[in-house]
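The structure appears below as structure tokens.
The values are calculated or read from the model by the stated rules, or taken from the named source; none is laboratory data. None of the values given here were measured: they were computed from a predicted structure. Because the Cβ atoms are built from the backbone with ideal geometry, glycine has one as well, and the counts that use them run over all protein chains shown.
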Amino acid sequence: MQPNCSQITSALTEIQKLKVFFDALLVKGQTAPNTNTSLSLLNQAEAIQRELEIRLSNFREQIIPLEFRQLIAKEQTTLSQFFGQSVDVPESPKAVTRELFKFWESIGFELHYLPQAEMTLDKNFPGWLKKPGKWFYDQIQGNNIAKDSATLKGEWVLVDGRPKPTYQNGDQMYANDPLSPILTKLRKKKSLLKSERDIEDYRHKGSRFNVSNDELQSAPVKTALAELLRTTPGDLSLPRAIEWNVLGNLHHPEWGDTTTWEWFQDERKGGGRLSGGRSDVGGLSVVSSNSSGYRDGYLGFRPLVRFSK
């Protein structure tokens, strides 16, 4: 059972009192006129410090739901194994309530932390088994995509964790897709522009395929998807190529096991957007580019929400 406000206030008051007592003992111990008195006071201060640590730990458990503590511990373990060194994971975003967390979990979306890191081609992190291909890094060097395209920003993200399907002549669908009714409604409203290709590419109105990146960046689509995910259009995005790659290596290697592509957020000079993920040309490692207005029955997407620091 979660503590109420008065219980939290009482626990915090006791911790603050203990901290004042600790500070006073520390000062007295450091300024005592003789060694014996000084040692005695400092020993008392050390005992108070241990008590403070215990109470702070208990207080943290009181105010942070178990699900979030388990999530932070799991992220820390997974990230530390991936990078081959200890990685500190901050508390989950303030905007994320237990109710939101459970709702997202129920529709297949996952909270993950991506630490600040330069994911350059020369890095050899133990868990980074499938790096983006050389083409991606060549685009950075050639100033065709942003200079920070290989940089993780140090932020919590919410991402769809379901696998992308194998291509089946346009019939493939993302499993148990909560976006399907939204896309069906948007297509009926003609918020998604009519394709110049054959209508069979729209044979399933709720499909995530045959949608252009331009459409995914449009206000009607972002507003509808943000409403579903209980966030704001400004926080809604697609994964950047490096984020999709690292999340795949960390949590979902199966994203690279199927013969479909997914759109990424990254813009490319000349009006393009990046995409990747097709298994028979590199899986997690492959990054390519298409015109932002391009649609194809092979090319889908997964939403991502970014949380302010």
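Return the only residue of 281, 305, 286 being out of contact with any Cys (no Cβ under 8 Å at 6 or more places or on another chain) and closer than 13 Å to residue 245 by Cβ. Let's see the steps before the verdict.
On the way: 281 fails: closer than 13 Å to residue 245 by Cβ; 305 fails: closer than 13 Å to residue 245 by Cβ.
Within the list 281, 305, 286, the selection yields 286.
Any idea which of (1) in contact (Cβ under 8 Å) with a residue 12 or more places away in the chain; (2) surrounded by fewer than 22 Cβ atoms within 10 Å (Cβ to Cβ) is the one residue 246 doesn't satisfy?
Result: residue 246 passes all but (2).
Quick one: count up the residues across region 141-173 that are touching a Ser or Thr at 6+ places or on another chain (Cβ under 9 Å), over 28 Å from residue 233 (Cβ atoms) and not in a loop (DSSP other than H, G, I, E, B).
Within region 141-173, residues that are touching a Ser or Thr at 6+ places or on another chain (Cβ under 9 Å), over 28 Å from residue 233 (Cβ atoms) and not in a loop (DSSP other than H, G, I, E, B) number 0.
Does any residue in region 117-128 that is exposed (fewer than 12 other Cβ atoms within 10 Å of the Cβ) come within less than 6 Å, Cβ to Cβ, of a residue that is outside any loop (DSSP other than H, G, I, E, B) and not hydrophobic (A, V, I, L, M, F, W, C) six or more places away or on a different chain, and which pairs are these?
That search, which allows pairs on different chains as well, returns 118/151.
Only one of 292, 207 is more than 22 Å from residue 108 (Cα to Cα) and either in contact with an Asp or Glu (Cβ under 7 Å, 6 or more places away or on another chain) or in contact (Cβ under 8 Å) with a residue 24 or more places away in the chain (or both). Can you tell me which?
Working: 207 fails: more than 22 Å from residue 108 (Cα to Cα).
Testing whether each residue is more than 22 Å from residue 108 (Cα to Cα) and either in contact with an Asp or Glu (Cβ under 7 Å, 6 or more places away or on another chain) or in contact (Cβ under 8 Å) with a residue 24 or more places away in the chain (or both) leaves just 292.
Please go through region 264-309 and pick out each residue that is of a type in the set (Val, Ile, Thr) and on the phi > 0 side of the Ramachandran plot. Reasoning before the result, please.
Applying the first criterion (of a type in the set (Val, Ile, Thr)) to region 264-309 yields 281, 286-287, 305.
Residues satisfying the conditions do not exist here.
Would you check if residue 278 is in contact (Cβ under 8 Å) with a residue 12 or more places away in the chain, under 19 Å from residue 160 (Cβ atoms), buried (at least 22 other Cβ atoms within 10 Å of the Cβ) and more than 20 Å from the chain's Cα centre (by Cα)?
On the way: in contact (Cβ under 8 Å) with a residue 12 or more places away in the chain: yes; under 19 Å from residue 160 (Cβ atoms): yes; buried (at least 22 other Cβ atoms within 10 Å of the Cβ): no; more than 20 Å from the chain's Cα centre (by Cα): yes.
Judged against the criteria, residue 278 is not a match.
Given (1) in the same structural domain as residue 226 (by TED's automatic domain parsing); (2) under 29 Å from residue 175 (Cβ atoms); (3) at pLDDT 95 or above, where does residue 116 come up short, assuming only one miss?
Against the list (1) in the same structural domain as residue 226 (by TED's automatic domain parsing); (2) under 29 Å from residue 175 (Cβ atoms); (3) at pLDDT 95 or above, residue 116 comes up short only on (2).
Under 6 Å between Cβ atoms, which residue pairs at least 6 apart in sequence (or on different chains) link something in region 90-102 that is under 15 Å from residue 70 (Cα atoms) with a partner that is assigned to a loop (DSSP other than H, G, I, E, B)?
Once the first residue is under 15 Å from residue 70 (Cα atoms) and sits in region 90-102, its partners that are assigned to a loop (DSSP other than H, G, I, E, B) give 93/307; 98/65.
Scanning for something under 19 Å from the mean Cα position of the chain (by Cα), at pLDDT 70 or above and surrounded by fewer than 13 Cβ atoms within 10 Å (Cβ to Cβ), does region 39-51 turn up at least one residue? Steps first, please.
Initially, region 39-51 is screened for residues under 19 Å from the mean Cα position of the chain (by Cα), giving none.
No.
Table: residues versus (1) at pLDDT 95 or above; (2) more than 22 Å from residue 142 (Cα to Cα); (3) not in a helix (DSSP H, G or I).
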| residue | (1), (2), (3) |
| --- | --- |
| 249 | yes, yes, no |
| 264 | yes, no, yes |
| 267 | yes, no, yes |
| 270 | no, no, yes |
| 275 | yes, no, yes |
| 280 | yes, yes, no |
| 289 | yes, no, yes |
| 293 | no, yes, yes |
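How many of the residues in region 164-186 are surrounded by 17 or more Cβ atoms within 10 Å (Cβ to Cβ) and without any contact (Cβ under 8 Å) to a residue 12 or more places away in the chain?
Summing the residues that are surrounded by 17 or more Cβ atoms within 10 Å (Cβ to Cβ) and without any contact (Cβ under 8 Å) to a residue 12 or more places away in the chain in region 164-186 gives 0.
Tally the residues that are polar (S, T, N, Q) and touching a Gly at 6+ places or on another chain (Cβ under 7 Å), restricting the search to region 134-181.
First pass over region 134-181, keeping only residues polar (S, T, N, Q): 139, 141, 143-144, 149, 151, 166, 168-169, 172, 176, 180.
Applying the additional criterion that residues be touching a Gly at 6+ places or on another chain (Cβ under 7 Å) yields 176, 180.
The number of residues fulfilling the criteria is 2.
Sort out which residues of region 131-140 are closer than 30 Å to residue 232 by Cβ and part of a loop (DSSP other than H, G, I, E, B), and write them in order of number.
132
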